[in-house]
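The values are calculated or read from the model by the stated rules, or taken from the named source; none is laboratory data. In this text the structure is predicted, and so the values were computed from the model without any measurement. Don't worry about glycine lacking a Cβ; one is built from the backbone with ideal geometry, like all the others, and counts go over all protein chains shown. Each accessible area value is taken on the protein alone, full model and side chains, heavy atoms only, with ligands, DNA and RNA left out. Shrake-Rupley method; radii C 1.70, N 1.55, O 1.52, S 1.80 Å.
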Amino acid sequence: MTVHITSSIKINEADIPYEVIFRKVKHPRLEFRHGDLKLVVPHGLKEYEKLLDKHKLWVYRRFISHKQTHMFAEGIELCSTRTEVQLQEHVGSLIASIGTELGIFPKKVAFREMRTKWGSCSSKGNINLNIYLMYLPEKLVEYVVFHEMAHLIEMNHGPRFKEMIHKKFHEHKAFKKQLRGYWVAIMEKHSINNS
């Protein structure tokens, strides 16, 4: 049986709500997804506040980052003129140019609605891309496509992969923040609850 308790913790000026979930788990853990802080703890654990206390800085940083993302998302105007067909054509030309640059091409490219990521690359050399890329500016579409194609060379996010990304996009950290903001704006546009 799963038991839930809701409470909040004050860190600096922020009053951060959280939910304690008692489950059949061996070790307690913290989760911060889509703005919701959850403590998943074993049944009978009474001193779960210690876990929060120990990771206060992590919780605070995640909370502030989430708030900043939502503030950024409020000012976003989604690209609403591009169709799915136009997106596919644009991605096709990107794959041709990036493939020539990297010296590798995907075996197959598929588009579908994804609820948790912009794209994925399989070990078989297939790339899946989120149809919601149609709402992004061209530079961010290029970044996502390059990211997935770089995985054709390096499947993980290790030093070699990071070097490829940094060499192509010096502003990749800013792009990641922008992508988080666009994600929030798109999810709100489609009234999708991602938690």
In debye to the nearest 20, how big a dipole does the chain give about its Cα centre with +1 on each Lys and Arg Cβ and -1 on each Asp and Glu Cβ? 800 debye
What whole-number value in Å² describes the accessible area per residue of the stretch 119-195 for a 1.4 Å probe? 50 Å²
What is the antiparallel percent of DSSP beta bridges lying wholly in the chain, to the nearest 5? 60 percent
Beyond 19 Å (Cα-Cα) in this structure, taken from Lys24/Lys117; Lys26/Lys50; Lys117/Lys176, we find Lys24/Lys117
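Defining a contact as two alpha carbons under 8 Å apart and six or more residues distant in sequence, what relative contact order in percent does the chain show?
Over the chain, the number comes to 16 percent.
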In whole Å, what is the distance between the alpha-carbon centres of the stretch 35-71 and the stretch 167-188? 24 Å
Calculate how steeply helix 56-74 sits against the longest principal axis of the alpha-carbon atoms of the chain, using the helix alpha-carbon long axis, and give the answer as 0 to 90 degrees to the nearest 10. 50 degrees
Of Glu154, Glu89, Glu47, which has the largest mean-square fluctuation in a 10 Å C-alpha GNM of the chain? Glu47
For the chain, with a Gaussian network of springs between Cα atoms less than 10 Å apart, report the residue from Gly44, Gly99, Gly119 with the top mean-square fluctuation. Gly44
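Ignoring ligands, DNA and RNA, what percent of the accessible area of the chain is carbon or sulfur (1.4 Å)?
Carbon plus sulfur share of accessible area: 51 percent.
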Rolling a 1.4 angstrom probe over the protein chains, ignoring ligands and nucleic acids, what is the accessible area of Ser122 in square angstrom, nearest 10? 40 Å²
Max mean-square fluctuation residue, GNM over the chain, Cα-Cα springs under 10 Å, options Lys108, Lys67, Lys177: Lys108
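Let's see if you can work this out: charge +1 on each Lys and Arg Cβ, -1 on each Asp and Glu Cβ, no other charges. What is the dipole magnitude of the stretch 1-48 about its Cα centre, in debye to the nearest 20? Display every interim value, and only then the final one.
Details: 8 positive and 6 negative charges, 73 e Å.
It comes to approximately 340 debye.
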